[in-house]
1. Suppose the filter is hydrophobic (A, V, I, L, M, F, W, C), closer than 23 Å to residue 60 by Cβ, in contact (Cβ under 8 Å) with a residue 12 or more places away in the chain and part of a helix (DSSP H, G or I); does residue 152 pass it?
2. Condition first: of a type in the set (Asp, Glu) and under 24 Å from residue 137 (Cα atoms). Now tell me which residues in segment 40-89 satisfy that.
3. If you take the residues in segment 106-115 that are in contact (Cβ under 8 Å) with a residue 24 or more places away in the chain and either assigned to a helix (DSSP H, G or I) or over 14 Å from residue 187 (Cα atoms) (or both), which one is farthest from the chain's Cα centre (by Cα)?
4. Here's a check for you: in segment 212-261, which residue that is touching a Gly at 6+ places or on another chain (Cβ under 6 Å) and not hydrophobic (A, V, I, L, M, F, W, C) is modelled with the lowest pLDDT?
5. Could you list, in sequence order, all residues of segment 183-207 that are of a type in the set (D, E, K, R) and modelled with pLDDT under 80?
6. Checking residue 39 against (1) polar (S, T, N, Q); (2) crowded, with 17+ Cβ neighbours inside 10 Å; (3) free of Cβ contacts under 8 Å to residues at least 40 places away in the same chain, only one condition comes out false. Which one?
Amino acid sequence: MTTTPGAASGDLPGRPPVVDLAAWQAARDELLVREKAHTHEGDAIAAARRRLPMVETDGTVEVTGADGPVPFLDLFQGRDELVVYQHMWWDGAPHQGQCEGCTTTAWHVKDAVYLNARGVSFAVLTSGPWEEVAPYVAFMGYTQPWYSVRGVEAPIGGVMGHIACFLREGDRVFLTYSTTGRGNERANGSLGLLDMTPYGRGEAWEDRPEGVPATGDVRDGTPSGGRDACWYWRSDADGAATWGPTSRPVPQWTRPGATPVQTLGRHGHHS
């Protein structure tokens, strides 16, 4: 059922204006022109990405996983291409103290079957020591292979927090691409879906209509505002978004043994 302008419901505070279906379709079609242009530009950028030069790296460098030290070349699992997520690590921190942003990226790549079908393998690299990483991987229930690159130089090791792509030619390994900043969002389908919703992500930096809250947290039909950017990365045991001492990365609350906490375990760092 549609609602026409001037009907009893009227415009709702903090919500989009209420119009009839024809007016909505006209506005939707107008935006579609921009969306298609954005898609085509993305295709052009992807084409340029495929033409970037590449740099050779040592595929014999050893990284440490569930089966002990293995050459980096093994991560390809016999395939020609490899995508890795480079997960940050806080030495000595409990599970709830590990990187929230890296958690959300790794959580969204729990099955690489579609990558594998295209000849692409996937793995998570981290700078953490394996004796700390292994129990974290088990607690989180991650199904993709993890490897410690402690002490390994770039481009396999080095700075964490990025997605990187590698190509194999026989026993030769090449770095072909690496993201920066928000480039990691390509792996996070939840962000793409939130971008389609009327409240969006709810991050402080977003351009929102007046009255729309700076958070996507809506309880009992009432939106709550006042959150900082990236509110969705952490919550307390009740599901309330918070960066306080009783919070942990959101997916952890579904894990067996996840309980309220008293400290992030990393000396006051919140990001």
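1. no
2. Matches in segment 40-89: 62, 67, 74, 81.
3. Per the stated criteria, the residue is 115.
4. The selected residue is 216.
5. Listed by number, the list holds a single entry, 203.
6. (2)
Per-residue answers, yes or no, for (1) surrounded by fewer than 15 Cβ atoms within 10 Å (Cβ to Cβ); (2) in contact (Cβ under 8 Å) with a residue 40 or more places away in the chain:
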residue: 55; (1), (2): yes, yes
residue: 68; (1), (2): yes, no
residue: 81; (1), (2): no, yes
residue: 84; (1), (2): no, yes
residue: 92; (1), (2): yes, yes
residue: 96; (1), (2): no, yes
residue: 99; (1), (2): no, yes
residue: 104; (1), (2): no, yes
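A quick yes/no check of all residues on (1) of a type in the set (Val, Ile, Thr); (2) closer than 19 Å to residue 76 by Cα; (3) touching a Cys at 6+ places or on another chain (Cβ under 9 Å); (4) part of a helix (DSSP H, G or I):
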| residue | (1), (2), (3), (4) |
| --- | --- |
| 125 | no, yes, no, no |
| 131 | no, no, no, yes |
| 136 | no, no, no, yes |
| 158 | no, no, no, no |
| 177 | no, yes, yes, no |
| 186 | no, no, no, yes |
| 193 | no, no, no, yes |
| 196 | no, no, no, no |
| 203 | no, no, yes, no |
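The values are calculated or read from the model by the stated rules, or taken from the named source; none is laboratory data. These figures come from a predicted structure and were not determined experimentally. Counting neighbours? That spans all protein chains shown, and the Cβs are built from the backbone with ideal geometry, glycine included.
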